[in-house]
Amino acid sequence: VWDVSTWGTRGRESRLDDKAVKAMARMTLQGHRGDVLSLIWTADCRNLFSGARDNTIKIWSMETQECVRTIADHSGDISSMSLLNKETFLLTSSTDGLMRIFKLASLEEVEEEEILPVNPTIMGTAAIIAPKRPMDTVVGQVQLYPTQIHGLALNPRAPYMITSSDYHAVTIWTLRDLVRPAKAMEFVGHNQPVGGVRLTQDEKKVISASSDGSIMMYELHPLRRTVHLPLTTAIYALASHRTENGTLVYSAGTDYAISVHLFLDSAPGVAQPVFRLEGHCGKVEAIVINPTGDLVFSTSHDFSTRAWRIPPIPQQTQQTPIVLQDVAAHELHSDHVTSLALNDSGTLLVTGSADHTVGLWEVRKQGRTLSKKALVDAHSTIVTDVAFGHRETQDCILSTGWDGKVHMWKVVQDKRRTSLKCIHTVTHPSPSHRWTK
């Protein structure tokens, strides 16, 4: 558990030494005997729930820094958790295919009670003072799938629960009876395991993605599948932008091109091909879009970072997409460019690479020129992801790598040059190959 309260302070321009900005490790909670897969806080942040590959859920007190109690009812990895009904119920899913609902006992300080010995002839007649352990009761259990659950999303307003698994299906459950979730609809359209499900921001639609290379969209009112977008390549990069007529979805992968489809609001079942961005000669790894949606950046295994100008969407329906060529292509790194991010104003671009470096670019002339501002040897391994901060930390950059480190960088500008200065580093106890922003 880290304290990052100093990361958002203002006036750091005059304090660019390593001691100025810190992320202090407040505590390390040890007790699980397997990898921790899911975490969830209570609303008051006094307690933390953790689920792990040892098939258990632990409840931690932030005040005592100790485990309050352990829930051991699943026979598989704990893949996700959600607190419901003013945090009186805990919803869990596991790789044992089960979804369980627990009615939580009080999380307050544990009281003591007097317990008499089991065998007085051996232990004597003295009473034993032992802590009274509240019991978390299983009030509902559903065998959702015969195999492991990969994805779970909740829409508490409907209320609906959406799940996915190796079963190749996306299942929508009603939660009007919390103890007995009922299957409302099951969509079997993917022909390979469904890796994840997500709610859109308006909580009216669900998007699923599968290793079969297809994307599907579903409406919750009424329950129906509206879009099935089969693609001919494995998808590694995905981005979207809202327009007047619908949502533009950018997808790319092993065919080296970026496909752009318009998901029309007026025709819910239609994903119209609009553009095809060609220019890369390697697998596309990442895509970002500027705030106005008229400029797109991408990175690839061909070592390049490219910019694309997006024209207005054609008014007439077309069968084949318009092919667009990049307006700028630059090489700063000496290996695959694995990640990129754009700041909120769309003026600075940061990239990460398999050559262990992080690069900073300035966007000029409406994207036709990418000016190389800085290049630093950031990590001792592959850089897996980069990100700009937002709001109070918008002048900072974060990078992560296979070395298990997260670096925080400050953009330093003077009259002669622009540079990146590392102002803090957080080392994860267990290095991870992936990082979720």
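Scanning the stretch 361-414 for residues that are of a type in the set (Val, Ile, Thr) and within 18 Å of residue 346 (Cβ to Cβ) gives 363, 369, 386, 393, 397, 411. Where strands (runs of 3 or more DSSP E) fall entirely within the stretch 363-437, those with at least 3 residues that are over 23 Å from residue 37 (Cα atoms) and either under 26 Å from the mean Cα position of the chain (by Cα) or modelled with pLDDT of 90 or more (or both) are at 369-377, 405-413, 418-427. Of 353, 380, 399, all but one fail to be among the small types (Gly, Ala, Ser) and surrounded by fewer than 14 Cβ atoms within 10 Å (Cβ to Cβ); the exception is 380. Against the test of being of a type in the set (D, E, K, R) and under 23 Å from the mean Cα position of the chain (by Cα), the options 278, 285 yield a single qualifying residue, 285. Let me confirm something: among 252, 271, which residue is modelled with pLDDT under 85, touching a His at 6+ places or on another chain (Cβ under 7 Å) and not hydroxyl-bearing (Ser, Thr, Tyr)? Only one candidate passes the filter, namely 271. Go through the stretch 350-407 residue by residue and tally those that are in contact (Cβ under 8 Å) with a residue 12 or more places away in the chain, at positive phi and not small (Gly, Ala, Ser). Looking only at that region, the number is 3. The residue of the stretch 169-181 that is nearest to the chain's Cα centre (by Cα), among those that are of a type outside the set (A, V, I, L, M) and modelled with pLDDT of 75 or more, is 171.
Between 138, 118, 142, the distinction of being out of contact with any His (no Cβ under 9 Å at 6 or more places or on another chain), modelled with pLDDT of 65 or more and surrounded by fewer than 20 Cβ atoms within 10 Å (Cβ to Cβ) belongs to 138 only.
Could you say whether any residue in the stretch 58-70 is outside any loop (DSSP other than H, G, I, E, B), modelled with pLDDT under 85 and open to solvent by less than 40 Å² (accessible area, probe 1.4 Å)? No: the stretch 58-70 contains no residue that is outside any loop (DSSP other than H, G, I, E, B), modelled with pLDDT under 85 and open to solvent by less than 40 Å² (accessible area, probe 1.4 Å). The set of residues in the stretch 26-46 that are open to solvent by less than 40 Å² (accessible area, probe 1.4 Å), out of contact with any strand residue (DSSP E or B) (no Cβ under 6 Å at 6 or more places or on another chain) and not hydrophobic (A, V, I, L, M, F, W, C) contains only 42.
Of the residues making up the stretch 318-328, those that are open to solvent by 50 Å² or more (accessible area, probe 1.4 Å) and either among the β-branched types (Val, Ile, Thr) or in a strand (DSSP E or B) (or both) are 320, 322, 323, 325, 327.
Of everything in the stretch 241-251, what is surrounded by fewer than 17 Cβ atoms within 10 Å (Cβ to Cβ) and either at positive phi or not basic (Lys, Arg) (or both)? Give them in sequence order. Scanning the stretch 241-251 gives 243, 244, 245.
The values are calculated or read from the model by the stated rules, or taken from the named source; none is laboratory data. Keep in mind it's a predicted model, so treat the numbers as computed, not measured. Neighbour counts are summed over all protein chains in view; Cβ atoms, including those assigned to glycine, are modelled from backbone coordinates with ideal geometry. Surface areas here come from the heavy atoms of the whole protein model, side chains and all, with no ligands, DNA or RNA. Shrake-Rupley method; radii C 1.70, N 1.55, O 1.52, S 1.80 Å.
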